[in-house]
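Could you have a look at this structure, given as structure tokens, before my questions?
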Amino acid sequence: MRHAGPATAVLLALALTGCGGLPGGARVEGPAPSAIPWSGPVYIDDARSIPRQSPDVVDLTDVTTLYGLKWHGWGTPRAVATGLVVDFACVSGCPHGDSPSFPAGLVLTGLVKREYAAYYSHAVLTPDHPPAPGWALDVGPVRLRVPKA
């Protein structure tokens with residue numbers, strides 16, 4: 001029985017260690033694959049868990065409803081609307097039988113993308129002419145419901 005010579009031992013060592021030690025190993029050419037841009041519907045999931053697309057009415061909280069919303073930038077990372085906040089609880093005593101209201105702006109951010117849709121996750125309500133009326137509850141930033149992936 002013959003023993004392997006030094007040349008055979010070197011070839012065997014190279015075969016066992018792979019091509020990493022050889023010059024000109026693996027080479028990558030061309031641009032990396034690009035991500036496919038996401039597109040699909042965008043929603044706000046309101047306080048009543050109703051998903052809505054660029055709605056004209058939103059129940060932002062259990063006691064804060066906005067009407068007559070006019071949107072700019074819906075579906076972008078920052079959607080902005082103007083409308084009226086209406087006091088349906090009549091905390092103010094509903095003078096003249098009408099529910100009081102005040103003009104306000106609503107900004108939605110935190111777009112969370114899911115497989116077939118996206119949802120805004122953060123809302124900020126600001127009165128058009130600060131301060132808000134005394135009857136208006138302070139609504140600071142609101143975390144909106146986003147369905148689980």
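The values are calculated or read from the model by the stated rules, or taken from the named source; none is laboratory data. Being a predicted model, the structure only gives us computed values, none of them experimental. Note: ideal-geometry Cβ built from the backbone for every residue, glycine included; neighbour counts use all protein chains shown.
Step by step: first the residues of segment 91-115, then only those that are assigned to a loop (DSSP other than H, G, I, E, B) and touching a Pro at 6+ places or on another chain (Cβ under 8 Å), then the one that is modelled with the highest pLDDT. Which residue is that? Before the answer, list the steps.
Let us first name the residues in segment 91-115 that are assigned to a loop (DSSP other than H, G, I, E, B), namely 91-94, 98-100, 114-115.
Right, trim to touching a Pro at 6+ places or on another chain (Cβ under 8 Å) and you get 92, 94, 100, 114.
Numbers: SER92: 54, CYS94: 64, PRO100: 74, ARG114: 86.
Residue satisfying both the conditions and the ranking: ARG114.
Looking at segment 138-149, I want the residues that are over 12 Å from LEU111 (Cα atoms) and have a partner that is at pLDDT below 85 and surrounded by 10 or more Cβ atoms within 10 Å (Cβ to Cβ) with Cβ atoms under 6 Å, at least 6 apart or on another chain. Which pairs are those?
Within 6 Å, the pairs are VAL139/THR64.
Related question: Could you check segment 112-124 and list, in sequence order, the residues that are more than 12 Å from ARG143 (Cα to Cα) and buried (at least 16 other Cβ atoms within 10 Å of the Cβ)?
Hit for segment 112-124 is ALA118, nothing else.
State yes or no: is THR64 at pLDDT below 85, surrounded by 16 or more Cβ atoms within 10 Å (Cβ to Cβ) and among the polar types (S, T, N, Q)?
On the way: at pLDDT below 85: yes; surrounded by 16 or more Cβ atoms within 10 Å (Cβ to Cβ): yes; among the polar types (S, T, N, Q): yes.
So THR64 passes the test.
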